[in-house]
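Contents: one structure, followed by commentary.
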Amino acid sequence: MTNPLTHKTSTPVTTLDDLAKLTNYSFIESLNCDPDAKADGVDHAARQVFSGHYVPVSPTPIKDPEYVAHSKGFFQELGFDDNMAESADFIRMFSGDTSKVPQPINKVGWASGYALSIFGKEYYQQCPFQTGNGYGDGRAISVLEVLIKDRRWEMQLKGAGRTPYCRGADGRAVLRSSIREFLAQEHMHALGVPTSRSLSLYVSKTEKVKRPWYSEGSHSKDPDMLISEAVAISTRVAPSFIRVGQLELFARRARKQEHLNAMEELEKIVIYLIDREYSEVIDTTLTTAEKVVLLAREFRSRLTSLVANWIRVGYCQGNFNSDNCAAGGFTLDYGPFGFCDEFNPHYQSWTGGGHHFSFLNQAAAAAQNFRMFCTALLPLLASHHGCQQQLEEIHDGFSSMMQSKMHEMWAAKLGLSTFNPGLFSELEALMVETPVDYTIFFRELSMVPDDIRPLKKSFYPSSNQTAPEALDRRWSDWFKKWQSLTGMTSVSAQGYSREELSNRMKRVNPKYSLREWFVVPAYKLAATGDYSLIRELQDVMTKPYAEQSKSIEEKYYQLKPPELFEIGGVSHYSCSS
C-alpha cells in the first residue's frame, strides 16, 4: 500500500505553475490548527498559543527583492529549471509575497511552536509570557509542501516577518546571516552530512534593519556597535521541520494536562513524525506503543551518526538545544555554527554556547537531547510497561552507541580498520600542543606521506612550543606508529595499496571547509550588490573532496591568517541574526 505522505512524480518543473501541481499539504491537513488562529494569516503580534500544532501566518514580503543566488545542485535534484529562480513569480513567492501564487498553493503559510531545553534542562523564561506558550518559529514561515520523485519536501522562508512566536522581534533575517546559512547547508550536503537544504536567496534593495555587530578588527566578545543591514529571505528545505523541542512542547502539555486534547495532540505529532520521516523503517500496522519504541531506536541511530559526522568534518553546531535538534536526525538551524580552523576540543565560535556545546562535547549535548526526546515519548507508553522498559534500555544505550560511532569515524579518518585508543589519544594531545589546522592535517595525512614534513603544512605557529625539536620527535614517533598500523611500512596489512588507502581517507577527509574568514569577504562584497564571491564559494564548497584548480587551492586551502584570530565576527560572535 502506498504511504499517503509520499508518491512518485517526475513532472518537469520549469514554472511556478508546474511547481504548484506538486503541492501536497500533509502537515496542515493532518494536524491541528491553533483554534485561536486567524484564517487569513494576519497574525503577526507576539501572543500565547495554547494548543494546536501550527498557526496560519502570512509571510511579510521584503521590499524590492533582488536575486542573490540559488542552489543549482539542489535545483537539479528536484528537477527545477535554473531559469525559474530568476523568474518574476518565483522571486515574488520566495521573497515572501504569496498573494498571487497559483492554485493550489496556499496564500497563507504556517508557523509552529516548540519548547526549549538547554542541555537537558527545561526552560520557560525565553517565552515572553513565562509559560512556554509563546516560543517557536519567530521568523520562519513554511509556505509549501511538495512531493517530488518519491520524496516530500517542506519549503520554509527564513526572515519572512513576524509570527505569534516572534517574542517582540522584527521577524527579519539580514543578508549576512542568510548568506552563511545558504552556503553552509549545501556545503554540509556535499560533505555527506544529513542536513536541511538551500533553495534560494533574495535580498531587499531598499529595506534595512539595525543589528548589533562588531566594529572592524574588534576583539570584543560582544558586538560593540549597531549597524544597518539589508534584509533577506532564504528558503530552506527539509523532509520536515519537526524538532525534538516540538515533541517536548506537546509532552509538557500532556504531562500537566493543560487542555483536554493535550495527550491526543502529542500522539498525533509523534505518529505524524513516524509516517513522514520514518515510514521506510517503521511498519505502519504496528500499535502506537510499538511504533514509539522503534522511533526511539531509529532516531538514536540517526542522531549518533549525525554527531559523528559533524566531528568528522570539523563542524560545531554552537547552540545544540532541543529546539535546534531535528527529530528526523539531520542538521537544522545554522545560527551560531562554525567550522574549526585550529583543532581545539573546546572550539566554540558562539560566545553564548559555553563548554557544553563545544566541538568535542557535541556528543554529550546530543545525549541530553535524546534524553528529552525519550522523555517526550514516555506519556504515550503509560499503560505499556514492557515498551517503557524497552524505551529505557534504548535511552541507556545511547552513550555506548555514540562512542562506537565516534570510534568508527576516527578510525576512518586515520585510515584504520579499527579504532586504536592509544594512537588517537597521542594524536589529540599533539594536535592541541602544536597546534594544527584540523582540515588540512587530515587531508595531508590522507596523501599517505613518507614522513611528517608534508603534515607541517597544517601546523600553526605557536609561542607555546618551548622545545620544538622534542615535539618533532614525538610527531615522528607517532607517525611511525600510524604507518605501522596502516601497514604502509610494508605490504599493506589491511589488504590494499598506498593509493587505495589514500583514496579511502580522502573520501572522509575533505580538502575544503567553509571557514568563517572565507564567508566574511563574501557577505561584505554582497552588501555592495556584488554576489560573485558567494557564487565562487558555492562552486568550491559543493565539491569539498575534489582536487580543484591551483588558484582555488592557493586561495582556500591554507592556514587561517594570524591577524584574524580572536576577531569578533570572524573567530567568534554573540549573535548571527
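Looking at 99, 117, which one is of a type in the set (S, T, N, Q) and touching a helix residue (DSSP H, G or I) at 6+ places or on another chain (Cβ under 6 Å)?
Working: 99 fails: touching a helix residue (DSSP H, G or I) at 6+ places or on another chain (Cβ under 6 Å).
Unique residue meeting the criteria: 117.
Can residue 272 be described as at pLDDT 95 or above, aromatic (Phe, Trp, Tyr) and buried (at least 19 other Cβ atoms within 10 Å of the Cβ)? If you could, list the steps in order and put the result at the bottom.
Numbers: at pLDDT 95 or above: yes; aromatic (Phe, Trp, Tyr): yes; buried (at least 19 other Cβ atoms within 10 Å of the Cβ): no.
Taking the combined requirement at face value, the residue does not satisfy it.
Can you tell me which residue within the range 1-28, out of those that are at pLDDT below 70 and out of contact with any Lys or Arg (no Cβ under 8 Å at 6 or more places or on another chain), is surrounded by the fewest Cβ atoms within 10 Å (Cβ to Cβ)?
Of the residues in the range 1-28, the ones at pLDDT below 70 are 1-11.
Pick out the ones that are also out of contact with any Lys or Arg (no Cβ under 8 Å at 6 or more places or on another chain) and you get 1-4, 7.
Numbers: 1: 5, 2: 7, 3: 13, 4: 12, 7: 11.
Within the range 1-28, the match that is surrounded by the fewest Cβ atoms within 10 Å (Cβ to Cβ) is 1.
Which condition does residue 221 not pass, out of (1) outside any strand (DSSP E or B); (2) closer than 22 Å to residue 65 by Cβ, if it passes all the others?
Status for residue 221: all satisfied but (2).
Residues in the range 235-246: is at least one more than 25 Å from residue 306 (Cβ to Cβ), aromatic (Phe, Trp, Tyr) and in contact (Cβ under 8 Å) with a residue 40 or more places away in the chain?
First, pick out the residues of the range 235-246 that are more than 25 Å from residue 306 (Cβ to Cβ): none.
No, the conditions are met nowhere in the range 235-246.
Report whether or not residue 410 is more than 30 Å from the chain's Cα centre (by Cα), at negative phi and assigned to a helix (DSSP H, G or I).
On the way: more than 30 Å from the chain's Cα centre (by Cα): no; at negative phi: yes; assigned to a helix (DSSP H, G or I): yes.
Judged against the criteria, residue 410 is not a match.
I'd like to verify a number: residues in the range 514-563 that are touching a strand residue (DSSP E or B) at 6+ places or on another chain (Cβ under 7 Å), of a type in the set (Lys, Arg) and part of a helix (DSSP H, G or I), how many?
Selection size over the range 514-563: 1.
For the range 348-356, state whether one or more residues are under 28 Å from residue 214 (Cα atoms), in contact (Cβ under 8 Å) with a residue 12 or more places away in the chain, of a type in the set (A, V, I, L, M, F, W, C) and surrounded by fewer than 22 Cβ atoms within 10 Å (Cβ to Cβ).
At the first step, the residues of the range 348-356 found to be under 28 Å from residue 214 (Cα atoms) are 348-356.
Right, trim to in contact (Cβ under 8 Å) with a residue 12 or more places away in the chain and you get 348-353, 356.
Add one more test, that the residue is of a type in the set (A, V, I, L, M, F, W, C), and what stays is 350.
Then keep just the ones that are surrounded by fewer than 22 Cβ atoms within 10 Å (Cβ to Cβ); that gives 350.
The answer is yes, given that some residue of the range 348-356 is under 28 Å from residue 214 (Cα atoms), in contact (Cβ under 8 Å) with a residue 12 or more places away in the chain, of a type in the set (A, V, I, L, M, F, W, C) and surrounded by fewer than 22 Cβ atoms within 10 Å (Cβ to Cβ).
Do you know which residues across the range 19-39 are part of a helix (DSSP H, G or I) and of a type in the set (S, T, N, Q)?
Residues of the range 19-39 that are part of a helix (DSSP H, G or I), as a first pass: 19-20, 26-30.
Result: 26, 30.
Every residue, every condition in (1) surrounded by 20 or more Cβ atoms within 10 Å (Cβ to Cβ); (2) aliphatic (A, V, I, L, M), yes or no:
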{"residue": "31", "(1), (2)": "no, yes"}
{"residue": "37", "(1), (2)": "no, yes"}
{"residue": "90", "(1), (2)": "yes, no"}
{"residue": "96", "(1), (2)": "yes, no"}
{"residue": "107", "(1), (2)": "no, no"}
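Residue 305: surrounded by fewer than 17 Cβ atoms within 10 Å (Cβ to Cβ), under 19 Å from residue 371 (Cβ atoms) and modelled with pLDDT of 95 or more, yes or no? Give the derivation first.
Values: surrounded by fewer than 17 Cβ atoms within 10 Å (Cβ to Cβ): no; under 19 Å from residue 371 (Cβ atoms): yes; modelled with pLDDT of 95 or more: yes.
The answer is no for residue 305.
Looking at the range 245-267, is at least one residue under 30 Å from residue 73 (Cα atoms) and assigned to a helix (DSSP H, G or I)?
Initially, the range 245-267 is screened for residues under 30 Å from residue 73 (Cα atoms), giving none.
Checking the range 245-267: not a single residue is under 30 Å from residue 73 (Cα atoms) and assigned to a helix (DSSP H, G or I).
Can you tell me which condition residue 446 does not meet? The list is (1) farther than 29 Å from residue 564 by Cα; (2) polar (S, T, N, Q); (3) modelled with pLDDT of 95 or more, and all the others hold.
The one condition residue 446 does not meet is (1).
Considering only residues that are touching a strand residue (DSSP E or B) at 6+ places or on another chain (Cβ under 9 Å) and either acidic (Asp, Glu) or on the phi > 0 side of the Ramachandran plot (or both), which ones fall in the range 172-193? Don't jump to the end; show me each part of the working.
To start, the set of residues in the range 172-193 that are touching a strand residue (DSSP E or B) at 6+ places or on another chain (Cβ under 9 Å) comprises 172-179, 181-189, 191, 193.
Passing the criteria: 181, 186.
Is there a residue in the range 487-501 that is at pLDDT below 95, among the aromatic types (Phe, Trp, Tyr) and either surrounded by 14 or more Cβ atoms within 10 Å (Cβ to Cβ) or assigned to a loop (DSSP other than H, G, I, E, B) (or both)?
yes
Among the residues of the range 159-166, are any touching a Gly at 6+ places or on another chain (Cβ under 6 Å), under 29 Å from residue 104 (Cα atoms) and in a strand (DSSP E or B)?
The answer is no; no qualifying residue exists.
Given the conditions (1) at negative phi; (2) touching a residue at least 60 places away in the same chain (Cβ under 8 Å), and given that residue 314 satisfies all but one, which numbered condition is not satisfied?
(1)
Residue by residue through the range 413-454, note down the ones that are part of a helix (DSSP H, G or I) and of a type in the set (Lys, Arg). Spell out the reasoning first.
Step one: list which residues in the range 413-454 are part of a helix (DSSP H, G or I), which gives 413, 421-433, 438-445, 454.
413, 443, listed by residue number.
Determine if the range 390-401 includes at least one residue that is without any contact (Cβ under 8 Å) to a residue 60 or more places away in the chain and within 25 Å of the chain's Cα centre (by Cα).
Looking only at the range 390-401, we keep the residues that are without any contact (Cβ under 8 Å) to a residue 60 or more places away in the chain, and these are 392-393, 396, 399-400.
Retained after the next criterion (residues that are within 25 Å of the chain's Cα centre (by Cα)): 399-400.
Looking through the range 390-401, at least one residue is without any contact (Cβ under 8 Å) to a residue 60 or more places away in the chain and within 25 Å of the chain's Cα centre (by Cα).
Can residue 320 be described as aromatic (Phe, Trp, Tyr), outside any loop (DSSP other than H, G, I, E, B) and on the phi < 0 side of the Ramachandran plot? Let's see the steps before the verdict.
Details: aromatic (Phe, Trp, Tyr): yes; outside any loop (DSSP other than H, G, I, E, B): no; on the phi < 0 side of the Ramachandran plot: yes.
Considered against the rule, which asks whether it is aromatic (Phe, Trp, Tyr), outside any loop (DSSP other than H, G, I, E, B) and on the phi < 0 side of the Ramachandran plot, residue 320 comes out as no.
Would you be able to tell me the number of residues in the range 534-572 that are of a type outside the set (A, V, I, L, M, F, W, C), surrounded by fewer than 18 Cβ atoms within 10 Å (Cβ to Cβ) and closer than 20 Å to residue 69 by Cβ?
6
Going by what's in this entry, would residue 391 be described as more than 28 Å from residue 324 (Cα to Cα), in a helix (DSSP H, G or I) and of a type outside the set (Ser, Thr, Tyr)? Walk me through it before giving the result.
Values: more than 28 Å from residue 324 (Cα to Cα): no; in a helix (DSSP H, G or I): yes; of a type outside the set (Ser, Thr, Tyr): yes.
Answer is no for this residue.
Given the residues 381, 360, which is the only one that is surrounded by 18 or more Cβ atoms within 10 Å (Cβ to Cβ) and at pLDDT 95 or above?
Working: 360 fails: surrounded by 18 or more Cβ atoms within 10 Å (Cβ to Cβ).
Exactly one of 381, 360 is surrounded by 18 or more Cβ atoms within 10 Å (Cβ to Cβ) and at pLDDT 95 or above, namely 381.
Regarding residue 71, is this residue out of contact with any His (no Cβ under 6 Å at 6 or more places or on another chain) and within 20 Å of residue 538 (Cα to Cα)? Before you say what the answer is, go through the steps one by one.
Details: out of contact with any His (no Cβ under 6 Å at 6 or more places or on another chain): yes; within 20 Å of residue 538 (Cα to Cα): yes.
Taking the combined requirement at face value, the residue satisfies it.
Looking at 34, 18, 64 in this structure, which one is acidic (Asp, Glu) and under 28 Å from residue 124 (Cβ atoms)? Quick ask: steps written out before the conclusion?
On the way: 18 fails: under 28 Å from residue 124 (Cβ atoms); 64 fails: under 28 Å from residue 124 (Cβ atoms).
Unique residue meeting the criteria: 34.
Which is within 23 Å of the chain's Cα centre (by Cα), over 19 Å from residue 115 (Cα atoms) and either of a type in the set (Gly, Ala, Ser) or loosely packed, with under 15 Cβ neighbours inside 10 Å (or both), of 228, 215, 220, 200?
On the way: 228 fails: within 23 Å of the chain's Cα centre (by Cα); 215 fails: within 23 Å of the chain's Cα centre (by Cα); 220 fails: within 23 Å of the chain's Cα centre (by Cα).
Only one candidate passes the filter, namely 200.
Tell me yes or no: at least one residue of the range 332-347 is of a type in the set (Gly, Ala, Ser) and free of Cβ contacts under 8 Å to residues at least 60 places away in the same chain. Give the derivation first.
To start, the set of residues in the range 332-347 that are of a type in the set (Gly, Ala, Ser) comprises 335, 338.
Okay, now just the ones that are also free of Cβ contacts under 8 Å to residues at least 60 places away in the same chain, so none.
Scanning the range 332-347, I find no residue that is of a type in the set (Gly, Ala, Ser) and free of Cβ contacts under 8 Å to residues at least 60 places away in the same chain, so the answer is no.
The values are calculated or read from the model by the stated rules, or taken from the named source; none is laboratory data. Since the structure is predicted, the reported quantities are computational estimates derived from the model, not experimental observations. As a convention, Cβ positions derive from the backbone with ideal geometry for all residues, glycine included, and neighbour counts pool all protein chains shown.
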